Structures are given as C-alpha cells and as structure tokens.
C-alpha cells in the first residue's frame, strides 16, 4: 500500500508576513523536491478536510477554541501570541492542518495506506491546552492523537518529536495521559525557554546542547528512545517531524544532516513494523531553511515509502 501525502491549499495561504520565517514557501519546497525526485507519482495525495469543533475541544479548552474563531480577522493581521499571527486565511489553514492529522489517522488505522505524511502549516506542537505559542494555534498532532484514542480505541500511542524546539504544547496536553508516550529530542536551553524538567511517567525528555550533531543525536535516540518505545509497545506511532535541527537551519544550533532524519525514520518504521503493523502518521512541524527543509523532508518521506 502507498504512503499518503495530506495537505490543502489553505495551508499555503496562511501568511504572517514576508519576513516571517514560518513562510508559505515551506510546503512548496517539499512538494517541489518530491516532484523533481520523481516520488509524487507514487504517493497517494489526499486533500485534507477541516477539523470539527468537537475534535478541537477534545484536545483544547473550549473557551480557547472559541477565542481563535472569534479573533479571526477579515483583513489585516491579528497577533494571537508573540510572533504568532492570524490573517484572512489562517483559521481555514489551521482547521485543515489539524483535520489532516485526523484524516491521516483514519487512513492508517483502517489500513487504506501504510503510513502518512501531513504537509501542513501552521505547525502545532507549541500550542498548549489553552494557549497559542511559537507560530502554533491548534496542536495538530495532539488533535490526531486524541482522535486515535477516542474513535479507534487505542490504548498506547507514541508521539516522537525531533523538532529542534521542545514541544511544550504536546507535553502540556498529554502530561497526565498514560495512553500517550511523548518523547522529545530538542536543543536545550532554547525556545520555549523553560526547563521541561526530568523525564517522568509518560514523558521522555532528550535534551541536546547547542552544536550537537549526528553522533550525539543518534546516541540519545538509541540509548533512550528506542528502549522506551520497545517497552511501551505502541499501537500507533505519531511523529512531530520538525526539520529545524538541520545544520543549515537559521532557527537552531543543532548540526543534523539529511541522513540523520532518514536514520531515525528507519528506526521508527522498524519499531512500528514490530509493534503496530507499520502504522505511522508523520506531521510537519518546523524547518525554516527552505532548501534544507525540502531535502530533509524528501529523505523522511522517501523512507516512509520504503525506497
């Protein structure tokens, strides 16, 4: 079965300004790389549907969700949080971003595809239960994870986050939910400028110092993440796929190569093959050097396709 590639044109229309790093060019960079690499014809491309209000409030505070709808502007920009703005198309983009992960979960859980990649923006992993943050409005991967638990009856969902920034929002939402294992590698100290503290219960922190490269990243994944996943035995693996840990990315100081994203993808696929019939949903988070993002995401998606 093919790999699904979920996106929507609304995700291209969300624009926080020409100088903002979370640029509409990001999705085009990934798609163009897939086309030039001759992979697009072998992917099942699917237009995402919007998340429903019910799906959002299964993850976020009701008043917070209502406030995002109420503050959506008809023109111009509205600042929701620092460097996190809404414009005319933002609400539609955010709804389709979250909805794409719900759609991807359904496709994977029903066996229609082996796995899925959600090429979406705005990103989500900084959005907390009742707060926007770090370019994020709704926590896309959390919305999809809650859907997997509520609609598909899953008891063990693993979320693996390899963005350069700690996914404070995802941890905030699932910190007391033992049906979810949240594991995050990230540069520390760094945005969101809070010490996540020690790993506990269903949370695995894997901090890396600025300047860390392939060796340190692969060691922490091999020594901490993979054994934890092995003991957790996930029924579904969700990936917060941030590519801003790439050495060329302007937003971080980790030194990962494209080969590192391929390497971790292959390890996660092996874990999924062992425990959950290969079921993986990968969700785009960061990645702000356009060329590096295209190359890194291409390697990640190519690995999901087993090529």
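The values are calculated or read from the model by the stated rules, or taken from the named source; none is laboratory data. In this text the structure is predicted, and so the values were computed from the model without any measurement. Cβ coordinates were reconstructed from backbone atoms using ideal geometry, including for glycine residues, and neighbour counts include every protein chain displayed.
Could you say which residue among 239, 264 is within 15 Å of residue 120 (Cα to Cα) and either part of a helix (DSSP H, G or I) or in contact with a strand residue (DSSP E or B) (Cβ under 6 Å, 6 or more places away or on another chain) (or both)? Don't jump to the end; show me each part of the working.
Working: 264 fails: within 15 Å of residue 120 (Cα to Cα).
Just a single option satisfies the conditions, and that option is 239.
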Checking residue 254 against (1) surrounded by fewer than 17 Cβ atoms within 10 Å (Cβ to Cβ); (2) in contact (Cβ under 8 Å) with a residue 60 or more places away in the chain; (3) in contact with a helix residue (DSSP H, G or I) (Cβ under 9 Å, 6 or more places away or on another chain); (4) over 28 Å from residue 147 (Cα atoms), which single condition isn't satisfied?
(1)
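Here's the yes/no breakdown for (1) at pLDDT below 95; (2) assigned to a loop (DSSP other than H, G, I, E, B); (3) surrounded by fewer than 14 Cβ atoms within 10 Å (Cβ to Cβ):
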{"position": "17", "(1), (2), (3)": "no, yes, yes"}
{"position": "21", "(1), (2), (3)": "no, yes, no"}
{"position": "26", "(1), (2), (3)": "no, no, no"}
{"position": "29", "(1), (2), (3)": "no, no, no"}
{"position": "33", "(1), (2), (3)": "no, no, no"}
{"position": "46", "(1), (2), (3)": "no, no, no"}
{"position": "60", "(1), (2), (3)": "no, yes, no"}
Extreme residue, surrounded by the most Cβ atoms within 10 Å (Cβ to Cβ), among residues of the range 273-294 that are farther than 14 Å from residue 241 by Cβ and touching a strand residue (DSSP E or B) at 6+ places or on another chain (Cβ under 6 Å)
279
Condition check for residue 234: in a loop (DSSP other than H, G, I, E, B), modelled with pLDDT of 95 or more and touching a helix residue (DSSP H, G or I) at 6+ places or on another chain (Cβ under 6 Å)
yes
Would you check if there is a residue in the range 9-16 being over 19 Å from the mean Cα position of the chain (by Cα) and within 18 Å of residue 131 (Cβ to Cβ)?
yes
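Quick check on this structure: which one of 163, 112, 177 is touching a residue at least 12 places away in the same chain (Cβ under 8 Å), surrounded by 24 or more Cβ atoms within 10 Å (Cβ to Cβ), part of a loop (DSSP other than H, G, I, E, B) and out of contact with any helix residue (DSSP H, G or I) (no Cβ under 7 Å at 6 or more places or on another chain)?
Numbers: 112 fails: surrounded by 24 or more Cβ atoms within 10 Å (Cβ to Cβ); 177 fails: surrounded by 24 or more Cβ atoms within 10 Å (Cβ to Cβ).
Just a single option satisfies the conditions, and that option is 163.
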Hey, residue 41 hits all of (1) modelled with pLDDT of 95 or more; (2) over 17 Å from the mean Cα position of the chain (by Cα); (3) in a helix (DSSP H, G or I); (4) within 18 Å of residue 4 (Cα to Cα) but one; which does it fall short on?
(1)
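Would you confirm, using the coordinates I've provided, whether residue 71 is in contact (Cβ under 8 Å) with a residue 12 or more places away in the chain and under 20 Å from the mean Cα position of the chain (by Cα)?
On the way: in contact (Cβ under 8 Å) with a residue 12 or more places away in the chain: yes; under 20 Å from the mean Cα position of the chain (by Cα): no.
When the stated conditions are applied, residue 71 does not pass them.
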Qualifying residue in the range 209-225 (condition: in contact with a strand residue (DSSP E or B) (Cβ under 7 Å, 6 or more places away or on another chain) and in contact (Cβ under 8 Å) with a residue 60 or more places away in the chain):
yes
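Within the range 177-216, count every residue that is closer than 28 Å to residue 150 by Cα and at pLDDT 95 or above. Break it down into steps so the answer makes sense when it comes.
At the first step, the residues of the range 177-216 found to be closer than 28 Å to residue 150 by Cα are 177-185, 196, 199-205.
Filter once more, so that each one left must be at pLDDT 95 or above: 177-185, 202-205.
Of the residues in the range 177-216, 13 are closer than 28 Å to residue 150 by Cα and at pLDDT 95 or above.
Looking at the range 73-92 only, could you name the residues that are crowded, with 19+ Cβ neighbours inside 10 Å and closer than 28 Å to residue 106 by Cβ? Show your work before the answer.
Looking only at the range 73-92, we keep the residues that are crowded, with 19+ Cβ neighbours inside 10 Å, and these are 80, 84-87, 90-91.
Answer for the range 73-92, where residues must be crowded, with 19+ Cβ neighbours inside 10 Å and closer than 28 Å to residue 106 by Cβ: 86, 90, 91.
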Can you tell me which of (1) part of a helix (DSSP H, G or I); (2) surrounded by fewer than 23 Cβ atoms within 10 Å (Cβ to Cβ); (3) touching a residue at least 60 places away in the same chain (Cβ under 8 Å) is the one residue 297 doesn't meet?
(2)
